[in-house]
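S.K.: Structure incoming, see below.
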Amino acid sequence: MLKKFLPALMHNKRNNFQSLPSLLSIVQKACYSTSDVSDQHVPTASGNSSGYVKNPITGEEIEGLIYVPNYLSHDEGSKLLSTLDNHSWYDSLLSRRIQCYGIHYYFTKLFHPGLQPMRKSPLLLDELSFVSKPVERDFGINFMKDEEIKGLDEYYENSNDPSSFEWEAPSLEQVIDDRINQCLVQEYYEQSIAKHVDNVKVFGKEIVCLSLVNECQMDFESANNPDMKFKLTLEPNSLLIMSKEGRYDWKHGIKRKKRFPRRISLTFRHLLYYPALNQQSTTGLNLQ
């Protein structure tokens, strides 16, 4: 990724980095640019009757990768969209607007206050319970209530002062309560997502995604074999769950399109990191 914007950085260096915003703009344009390489030869996957996604190359189910089209009814999708749009959206460094429910976390390794999308979110995870409860019922994935999220007050308090923000990093084995405690809502137009595996040191074992408004194509690539890849169309009101092999062994991403209508994604995860006082301070975490 660095190779993509290194020439832009060097050009800006010759201009003595006249402004941080201009530097960020250069990095963003470089990061979000895509090539014209066609993916027409990449096979397309689909969910079977059980919801499990089959690898179209091997014909085998990918353990823990579940896709359910029309998981939300039209009315449920409209209600969810209305709930989101009745709240304020925040601009983030990622060039897309966001909302955070439950625990809010920092997006970048930079603790400059002006680069952070917000300091304290008033949005409650319980507001989305009308869509999370069916997921609990159908797939056995559990969600916390807002009052059960430990360290929330300290998290917000420390988030207001980036210079004193400190982290405690429990391992997965140390986490007793692994229920989902956070939802990141993102609004997309032309933005892309580089293929990645969600940070295993930061997020828990299950990733739950809902798509709204318009469809998109998500690209999957084996984390162990870059030649093993396929694409999956995420339709409006669909549900995608990544756990087990689908969570840890496959990268996922979205290519940038020249014409990309509004799409909203809700990503529910368990945030492993909680703030703690008197611990060694870090310079930040890159949370994809």
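S.K.: Any residue in the range 37-44 that is at pLDDT 60 or above, touching a Lys or Arg at 6+ places or on another chain (Cβ under 8 Å) and on the phi > 0 side of the Ramachandran plot?
M.R.: Among the residues of the range 37-44, not one is at pLDDT 60 or above, touching a Lys or Arg at 6+ places or on another chain (Cβ under 8 Å) and on the phi > 0 side of the Ramachandran plot, which makes the answer no.
S.K.: In the range 212-241, what residues are more than 22 Å from E76 (Cα to Cα), of a type in the set (A, V, I, L, M) and within 15 Å of the chain's Cα centre (by Cα)?
M.R.: The answer is M218, and nothing else.
S.K.: Right, next: Can S238 be described as among the hydroxyl-bearing types (S, T, Y) and either within 13 Å of V53 (Cβ to Cβ) or at pLDDT 95 or above (or both)?
M.R.: Yes; evaluated as a whole, the condition is true for this residue.
S.K.: Now a separate question. Evaluate the range 156-178: report whether one residue or more is modelled with pLDDT of 80 or more, touching a strand residue (DSSP E or B) at 6+ places or on another chain (Cβ under 7 Å) and more than 27 Å from Y52 (Cβ to Cβ).
M.R.: There is no residue in the range 156-178 that is modelled with pLDDT of 80 or more, touching a strand residue (DSSP E or B) at 6+ places or on another chain (Cβ under 7 Å) and more than 27 Å from Y52 (Cβ to Cβ).
S.K.: Between K79, K109, which is assigned by TED's automatic domain parsing to the domain that holds N181, loosely packed, with under 15 Cβ neighbours inside 10 Å and modelled with pLDDT under 75? So that I can check it myself, show each step before the final result.
M.R.: Details: K79 fails: modelled with pLDDT under 75.
Within the list K79, K109, the selection yields K109.
S.K.: Name the one entry in K195, K145 that is out of contact with any helix residue (DSSP H, G or I) (no Cβ under 8 Å at 6 or more places or on another chain) and modelled with pLDDT of 85 or more.
M.R.: K195
The values are calculated or read from the model by the stated rules, or taken from the named source; none is laboratory data. No experiment lies behind these values; they were computed from the predicted model shown. Quick reminder, even Gly has a Cβ in these numbers, built from the backbone with ideal geometry, and neighbours come from all protein chains shown.
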